[in-house]
Every structure is written in structure tokens, then in C-alpha cells.
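Peer 1: The structure under discussion is supplied below as C-alpha cells; questions concerning it will follow.
Nothing in this text is a laboratory measurement; each read-out follows from the coordinates by a stated rule. Owing to the predicted nature of the structure, the values given are computational and were not obtained by experimental measurement. Methodologically, a virtual Cβ is constructed for each residue, glycine included, from the backbone with ideal geometry; neighbour enumeration extends over all protein chains shown.
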Ligand SMILES: NC(=O)c1ccc[n+]([C@@H]2O[C@H](COP(=O)([O-])OP(=O)(O)OC[C@H]3O[C@@H](n4cnc5c(N)ncnc54)[C@H](O)[C@@H]3O)[C@@H](O)[C@H]2O)c1
């Protein structure tokens, strides 16, 4: 029997990498993508599946309970993979309210509708809905900041530092409580920084590439020594797939590639790749454009994931290494930017470098 899975936020960066991957791998699923298309959602990212017979898009907000109830009933939703979120830390500093609304209230709405639709009472699923799973996509940022050593495990105490990470941590707690209180079949994955095609211009890697190609200053916060643990987006998608299908109910799995890089290393690496793929007219390196700017308030120093649980229990392993992944990524953005230039819209898509 073909089951319908609700994917939220599928027009964003990770969701739009996940949906084509999942559709191709699992002929037994229909995918319903519910996304309100904020500035971060882009249906261009899903062109390749828009006419797929097992894919459907609905424009709508996860905070709209009536709509979410309608979607569950109308399409008989048998599983949820919940990506939808406000996801940019800088925006959460400028405007925290919408983060609380979408990430906390939206997650509550979604999981509460799922519980009512699938369960008749605590710890008792309705006939035909036994085992229906709610998978919440979260971040390593809920654990706060590390010093020079150590890694985040699933047992690291939560210590979120930005309104973004605090809203994600709150959502994680709500999901946890639905497992403990109602016996809903939940799983949570906390992943490190993703990179790859289809990421919004505002994020670090697209910002570096666009700034370089526009001959603008490449803005790097503070001293550039903040460390992130980078994972190629399709490796994250494979981890989600494994946890959704094989993870234990109520469990949390960290996903990360053991690929720690400082922001300045990332900028230098991208400049080196661009120097080869699209040399500057003046023959000099794009590195010259790197400019340090005032640090982000409350900027976490280091994130690093210990992914041994998902590796040992579910057999996950990153397939992409950073050296090849970053070249693929830069090539994808180059192609996109050239296409935009040909469509003569490059001037209207000036990047918000900060
Ligand atoms: N990008 C990363 O490096 C990273 C790392 C770990 C975890 N995550 C988590 O993964 C998920 C996806 O991240 P992303 O980078 O793809 O984000 P994104 O910002 O690129 O996409 C978010 C999507 O959610 C949609 N959306 C926002 N508010 C909504 C609402 N109220 N109702 C319906 N749709 C809404 C947007 O339109 C957009 O399509 C998020 O939950 C994020 O916290 C991201």
C-alpha cells in the first residue's frame, strides 16, 4: 500500500534536497510538501519533481491548525518529517518572535494534530495507524558552544545561546514530551552545519561565493576562528532516511561529519576553488576580498558532533568528503549564477552579505 508522508518546509535548503532523494528511493511513498514559502522557500528548488505523480505541494503555514488538520485527513498522513523552521541565526537576533511562532508553536501544532489523528488515547494508536512516526529535524546548536576540545553527544545538556537555537531546543522538548506523555512514535535528529546545492543566499557558503563573484568584500565575522562541523546535505538526508526507518522510538540521533573547519578556512578554500574554476579578471586571488566584520552577538565558538550512535546503531556513514563536496557545491552555485546572469536578473539578486 502506498503511504503518504507529510514533509514540512520541503521548499527550503535541506527539504528540497531530501524530497527528490526520498521519492526516487521509495516507490511506496507519496510525499505531501507543506511549506508556507517564506523568503527561504523556493519552488525552483523542486522543479525536478513538480510533476512527479507521487509528489504534491501545498502552500500553507504549519501554525494553521485548521489547515494542518485538513491535510492529515484529506491525504491520510501516515508519517511526518518536519523540516519547516526559521533557520537563520542572524534573523533570530533581529526578529526573534517569528522563530518562536514557527519553530515552537508550529512544531506543537503539527505534533498535536498528528497525535489526535493517529492515536485514540495515550499509548494507544488507532487501528491502521500503529507505528506512524513523527520525525523532528533539529540542530546541534541546541547544545550551545564547545571549547577547544570535546564533542556533542546525545547526552550533552542543552544550552542554547541564540533565539534560533532556543526555539529549536524548545521544539525538541515538546517532541520529547509527546513521546513520554502520549507514547507518540517520535525521533529527533540533531545535525551539524549542512552545505551543498540549494542553500539560501543569506548563509555563509553562498554568501562567500556570491560576494567573490560580485567582487564585493567577503564578510567574515570576528576573527574568523569560529568552528563549525560541516556535513554535505545529502549525507544528512541519508541519515534522516535511516533514522526515520530504523531509529528507536523516542530516541535522539546526532548527525555530523567530523569535518571541523573555521570560517576563515571555509572562505579560503572556496576562494581557491573559484580561483581555479572562474579566475578573476585581474589574475589575483579572491582571497584578497576577505574582510573581517563585527562579530555576531553571542556567536558560539565551536560546534562538533559525536555521531557514534547513528554510526554504530544504524550503520550511517558520510559518503562525501569536504574536499569533493565543496567543489560540487561551488560548481552548482556557479551554474546557478550564470543562469541568472543570462536571464539578466543578477542585479536584482544582490546578496545580503551580512
Ligand atoms: N541548514 C543547516 O545547516 C541545518 C543544520 C541542522 C539542522 N537544520 C534544521 O533543518 C531544518 C531545515 O533547514 P533548512 O536549512 O533547510 O532551512 P531553510 O530556512 O532553508 O528552509 C526552511 C523552509 O521552511 C519553510 N517554512 C518556514 N516557516 C514555515 C511555516 N511557518 N510553515 C510552513 N513552512 C515554513 C520555509 O518556507 C522554507 O522553505 C530546520 O528545521 C533547521 O533547523 C538545518
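Peer 1: Quick check: the angle from helix 322-342's long axis to the longest principal axis of the chain, C-alpha only, nearest 10 degrees?
Peer 2: 80
Peer 1: State whether segment 1-41 is rounded, prolate or oblate according to the following rule on the C-alpha gyration tensor (a ≥ b ≥ c being the square roots of its eigenvalues): a/c under 1.5 gives rounded; otherwise a/b larger than b/c gives prolate, and the remaining case gives oblate.
Peer 2: Details: a/c = 4.73, a/b = 1.85, b/c = 2.56.
Here segment 1-41 falls in the oblate category.
Peer 1: Could you check the simple spin-label distance between residue 308 and residue 246, using points 7 Å along Cα→Cβ, in nm with one decimal?
Peer 2: Each label point is offset 7 Å from its Cα along the Cβ direction, giving 1.9 nm.
Peer 1: List, largest first, the extents of the alpha carbons of segment 17-131 along their principal axes, each in whole Å.
Peer 2: Largest first, segment 17-131 extends 46, 36, 21 Å along its Cα principal axes.
Peer 1: Based on Cα coordinates alone, diagonalise the gyration tensor for the chain, multiply each eigenvalue by 5, take square roots, and list the semi-axes in whole Å, largest first. Mind showing how you got there, number by number?
Peer 2: Numbers: eigenvalues 238, 103, 67 Å².
So the equivalent ellipsoid measures 35, 23, 18 Å along its semi-axes.
Peer 1: Using 0.36 nm times the number of residues separating residue 94 and residue 293, minus their current alpha carbon distance, what extension gain do you get? Let's see the in-between values first.
Peer 2: On the way: separation 199, 0.36 × 199 = 71.64 nm, distance 1.71 nm.
So the chain would gain 69.9 nm between residue 94 and residue 293.
Peer 1: At 0.36 nm per residue, minus the direct Cα-Cα distance, what do residue 334 and residue 128 gain on full extension? Give it in nm, one decimal, please.
Peer 2: Details: separation 206, 0.36 × 206 = 74.16 nm, distance 4.79 nm.
Taking 0.36 nm per residue and subtracting the Cα distance, the gain is 69.4 nm.
Peer 1: Taking the chain as a Gaussian network, where each spring joins two C-alpha atoms under 10 Å apart, which residue of 258, 280, 176 fluctuates the most?
Peer 2: Highest fluctuation among the options: 280.
Peer 1: So, in Å, what gap is there between the alpha-carbon centers of segment 235-267 and segment 309-327?
Peer 2: 8
Peer 1: Measure nothing but the geometry: give the 0 to 90° angle between the long axis through the Cα atoms of 65-75 and the longest principal axis through the Cα atoms of the chain, rounded to 10°.
Peer 2: For helix 65-75, the angle is close to 70 degrees.
Peer 1: Then there's this: Quote to one decimal, in nm, the extra length available between residue 282 and residue 26 on full extension: 0.36 nm per residue of separation minus the C-alpha distance between them. Each step should come with its number before you reach the end.
Peer 2: Details: separation 256, 0.36 × 256 = 92.16 nm, distance 4.94 nm.
This chain segment gains 87.2 nm when fully extended.
Peer 1: Measure nothing but the geometry: give the 0 to 90° angle between the long axis through the Cα atoms of 263-277 and the longest principal axis through the Cα atoms of the chain, rounded to 10°.
Peer 2: 70
Peer 1: So for the pair residue 201, residue 74, with labels modelled 7 Å out along Cα→Cβ, what separation do we get in nm?
Peer 2: Each label point lies 7 Å from its Cα, and together they span 3.3 nm.
Peer 1: Let me have the relative contact order for the chain, percent, based on Cα pairs under 8 Å that are six or more residues apart. The partial results should precede the final answer.
Peer 2: On the way: 652 pairs, mean separation 60.2, N = 354.
Relative CO of the chain lands at 17 percent.
Peer 1: When DSSP beta bridges are limited to those with both residues in the chain, what percentage is antiparallel, rounded to the nearest 5? Before the final figure, lay out each step's value.
Peer 2: Values: 5 of 45 bridges.
Among the beta bridges of the chain, antiparallel pairing accounts for roughly 10 percent.
Peer 1: Same structure again: Taking the Cα atoms of segment 204-264, report the difference between the largest and smallest coordinate on each principal axis, in whole Å and largest first.
Peer 2: Principal axes ranked by extent give 48, 22, 16 Å for the Cα atoms.
Peer 1: What nm value, rounded to one decimal, do you get for the distance between residue 215 and residue 50 when each label is placed 7 Å out toward the C-beta?
Peer 2: In this crude label model, residue 215 to residue 50 measures out at 3.5 nm.
Peer 1: Then there's this: Using a 10 Å cut-off on Cβ atoms, rank the peptides 126-138, 196-208 from the highest mean neighbour count down.
Peer 2: Values: 126-138: 17.5, 196-208: 20.7.
Answer by packing, highest mean first, reads 196-208, 126-138.
Peer 1: On a C-alpha basis, how far is the centre of segment 16-38 from the centre of segment 94-166 in Å? Whole number, if you could?
Peer 2: Here the two parts' Cα centres lie 20 Å apart.
Peer 1: Looking at segment 1-141, send over the antiparallel percent of its DSSP beta bridges, to the nearest 5.
Peer 2: Details: 2 of 22 bridges.
For segment 1-141, the DSSP antiparallel bridge percentage is about 10.
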